[in-house]
Structures are given as structure tokens and as C-alpha cells.
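What follows is a single structure, written as C-alpha cells, with notes after it.
The values are calculated or read from the model by the stated rules, or taken from the named source; none is laboratory data. Bear in mind that the values here come from a model prediction, so they are computed numbers and not experimental data. Neighbour counts are summed over all protein chains in view; Cβ atoms, including those assigned to glycine, are modelled from backbone coordinates with ideal geometry.
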Amino acid sequence: MASVEYYNQVFPVAEGQTVLEALLENGQDIPHSCKMGVCITCVMQAVDGDVPADSQDGLRQSLADQGHFLPCVCKPEADIHVSLIANEDLFSPAVVQEIQSLGPDIRRIFLSPTTPLYYRAGQFLNLRREDGLARAYSLASVPSLDDGLLEFHVKRLDRGQMSNWIMDELHPGDHLGIQGPSGNCFYQPGRADQSMLLIGNGTGLAPLIGIARDALASGHTGAIRLYHGSRTESGLYLAGELRQLAAAHENFHFNGCVSGAGESGAYSPGRADDVAFEAHADLADWRVFLCGYPPMVHSAKTRALGAGAALADIYLDPYELKDLRKLPRDPQSEQ
């Protein structure tokens with residue numbers, strides 16, 4: 001059995017247990033969010049001892065070289081000594097420039113980083129407030145189009161500490177820390193004639209609209225089909241802008257999907273993934289992007305593979321929600 005030393009205390013790490021699990025089990029307050037090696041909120045540094053290479057996946061090479069790793073996926077093979085790292089090593093400041101209401105429970109946030117940030121549309125950043133609370137949000141902006149501003153879509157979540165704070169207390173001129181970018185769900189130039197299928201629900205639209213705009217700005221000529229789902233019509237919060245984008249580009253098509261009963265019929269009835277796969281039964285040689293509620297994303301990945309899409313052509317951005325992880329979820333509320 002390996003052990004982890006953390007600030008002069010030594011804790012056992014059971015076989016198959018991660019460093020983060022061992023520390024939390026022993027009452028240590030470690031910043032974390034997704035527990036899946038995605039959000040990078042929990043990153044630590046190995047002061048002594050080796051960590052598995054896969055626990056450094058997704059980190060900048062400069063951080064990996066200094067022994068930084070993700071304790072949420074690190075299952076040590078020998079004793080290690082770890083520490084937290086200074087926030088300034090990960091986070092840089094950004095200023096809130098504008099906040100737009102896109103509905104009763106959705107805000108569009110524009111941030112200006114104080115130093116230039118290189119990212120790809122569809123990747124995500126960790127946003128951190130002054131007390132250290134951090135959450136991951138996907139980028140809807142496109143570096144070549146949006147004058148250096150970073151765009152995020154935030155939905156109010158029941159018991160969501162960050163989302164409720166953003167809705168009720170964040171204002172233009174306020175400062176946030178940003179860390180990243182991370183994630184591989186983004187448009188990559190090449191094969192401009194390849195058809196693309198984009199499926200998302202809720203604010204899973206954020207990375208998809210960035211990916212679509214980036215592809216169009218890059219001269220993509222293949223068909224781009226975006227399906228956005230919600231339980232209600234009000235949840236299709238950028239339908240007007242997406243229709244305008246479709247009017248300006250003949251190879252881009254937007255389909256809004258409403259799964260709730262009693263709606264007006266202005267959109268396709270049903271879940272976005274169901275509507276999309278009914279329309280696209282053969283996805284051989286297609287590029288597929290899936291973003292939003294995790295069960296939908298993972299189920300849609302299986303369906304895309306069954307429809308002939310290659311694994312290398314499927315890109316995922318599931319929203320893992322820390323505050324709701326232990327609560328019963330209504331899948332329809334995210335469609």
C-alpha cells in the first residue's frame with residue numbers, strides 16, 4: 001500500500017484509490033470539481049516521488065516537468081510527498097466586460113484577459129473567484145473573431161455555488177481568475193469538405209456555437225448541422241443568432257429541439273440526440289461533436305459509433321457538475 005505525505009501528515013492510499021480520494025477521506029480540504037481529470041481544479045505538485053504519466057495528461061508541459069499532476073486520477077504505485085501549488089502558477093486575472101441576460105436563468109459573460117490567451121473555440125477554462133471557488137466553463141468565443149474577449153454561457157443551477165454567484169453578484173468591472181485552456185473538443189482545420197454533426201443540450205451550446213463559427217471562419221465547405229435541445233422553447237436561448245448564421249452560410253443548418261410537452265411546435269419535437277440521429281443514420285466519414293448533459297453525451301457517442309463515425313472523429317464535452325453530483329437528476333430538464 002502506498003502513502004501520501006501532505007503538509008507533515010502521512011495518509012495511506014488503498015489499492016485502486018486516488019490521491020484525492022485518500023486526502024478527502026482524511027478530512028483534507030483540497031480544491032476539486034469534476035473528479036475525472038477534466039477540469040484541472042485539483043492540480044497538485046509532487047515534491048518527492050513519481051506519479052503515473054496519465055495523471056499529468058492535459059497539463060501544460062512546463063507544469064508536468066515541475067511535477068504537477070492531477071490527484072483525482074493519480075493512483076500512486078509508491079509513496080509520494082505532495083503539496084498544493086500557488087494559484088498564481090495556474091490562474092491569471094481577467095476583467096468582466098459585459099453580462100447579458102439570455103433568459104431568466106442564463107447569462108452570457110464576456111471577460112477580457114489581462115494577458116493574451118491562446119485557445120481554440122470549444123475548449124474550456126476554469127473561472128475562479130476571490131475566495132478560491134473555481135468551476136470549468138466552455139468557451140463560446142472564437143479567437144480570430146472576437147477581439148480578445150472570452151465568451152461563456154452560464155446557467156443557474158439549483159445549489160450551484162458558482163452559477164448562483166455569477167447570476168446574483170457578478171458585475172462588469174469585477175475580476176476573476178482564469179486557468180487553461182483545456183479540452184480537445186474543438187475544430188481542427190483540414191478536410192474542409194468533411195460533414196460535421198454538432199449535438200448539444202442546455203449550455204452545451206456554448207462550445208458548439210464557437211466550433212461552428214470557427215469552422216465557417218476557417219473556410220469549411222462541408223455540411224455543418226447543429227442540433228440544440230431543451231425541455232422548453234425558452235431554453236433554446238440563441239435560436240435567433242443561429243438562424244442568422246444559417247442565413248449567411250448555406251452549408252450551416254440549425255435545428256432547435258424541444259422535448260417538453262405542450263410546446264408551440266415552432267421547433268422539432270423530441271430530444272436533440274434523437275432528432276439528430278433520425279436525420280443522420282449514416283455518419284461514416286462525419287466529424288461529430290457532443291456537448292452537454294453527460295448521459296446524453298456518452299449515449300450519443302455510442303450511437304455515433306453505431307452509425308459509422310470513426311472514434312477519432314468524435315469529440316466530447318460532457319458537463320460534470322460538482323454541486324449536483326449526489327442529487328437525483330431529471331434528464332428531461334437538460335434536453
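Quick check: anything in the stretch 192-211 outside any loop (DSSP other than H, G, I, E, B) and among the charged types (D, E, K, R)? For the stretch 192-211, residues outside any loop (DSSP other than H, G, I, E, B) and among the charged types (D, E, K, R): absent.
Just to be sure, is residue 34 touching a residue at least 60 places away in the same chain (Cβ under 8 Å), closer than 30 Å to residue 163 by Cβ, out of contact with any Leu (no Cβ under 9 Å at 6 or more places or on another chain) and not assigned by TED's automatic domain parsing to the domain that holds residue 126? So residue 34 does not fit the description; no. Listed by first and then second residue, the pairs with beta-carbon distance under 7 Å, at least 6 apart or on different chains, first residue in the stretch 1-27 and touching a residue at least 40 places away in the same chain (Cβ under 8 Å) and among the β-branched types (Val, Ile, Thr), second surrounded by fewer than 17 Cβ atoms within 10 Å (Cβ to Cβ) and assigned to a strand (DSSP E or B), are 4/11; 13/3.
Return the residue satisfying two criteria in turn: it lies in the stretch 181-198 and is within 15 Å of the chain's Cα centre (by Cα) and of a type outside the set (Gly, Ala, Ser), and of such residues it is surrounded by the fewest Cβ atoms within 10 Å (Cβ to Cβ). Show your work before the answer.
Pass one, the stretch 181-198, residues within 15 Å of the chain's Cα centre (by Cα): 181-187, 198.
Then keep just the ones that are of a type outside the set (Gly, Ala, Ser); that gives 181, 184-187, 198.
On the way: 181: 19, 184: 12, 185: 23, 186: 22, 187: 25, 198: 29.
The extreme case among them is 184.
Residue 277: in the same structural domain as residue 208 (by TED's automatic domain parsing), touching a residue at least 12 places away in the same chain (Cβ under 8 Å) and within 16 Å of residue 204 (Cα to Cα), yes or no? So residue 277 fails the test. From the list 200, 219, 235, the one residue that fits, being under 20 Å from residue 186 (Cβ atoms) and touching a residue at least 40 places away in the same chain (Cβ under 8 Å), is 200. Restricted to helices (runs of 4 or more DSSP H) entirely inside the stretch 7-104, those with at least 1 residues that are in contact with a helix residue (DSSP H, G or I) (Cβ under 6 Å, 6 or more places away or on another chain) and either aromatic (Phe, Trp, Tyr) or surrounded by 16 or more Cβ atoms within 10 Å (Cβ to Cβ) (or both) are 61-65.
In the stretch 138-160, the residues that are without any contact (Cβ under 8 Å) to a residue 40 or more places away in the chain form Cβ pairs under 7 Å with partners that are assigned to a strand (DSSP E or B) and of a type in the set (Gly, Ala, Ser), at six or more places apart or across chains, as follows: 148/112. Restricting attention to the stretch 215-242, the residues that are on the phi < 0 side of the Ramachandran plot and either part of a helix (DSSP H, G or I) or of a type in the set (Gly, Ala, Ser) (or both) total 15.
Looking for whichever is of a type in the set (A, V, I, L, M) and at pLDDT 95 or above here; the options are 117, 139. Which one fits? Please lay out each step first, then the result.
Numbers: 117 fails: at pLDDT 95 or above.
Step by step, each of 117, 139 is checked, and only 139 is of a type in the set (A, V, I, L, M) and at pLDDT 95 or above.
Applying a threshold of 6 Å to beta carbon distances and a minimum spacing of six or more residues, or different chains, the list of pairs starting in the stretch 70-86 at a residue that is of a type in the set (D, E, K, R) and ending at one that is not in a loop (DSSP other than H, G, I, E, B) reads 79/2; 79/3.
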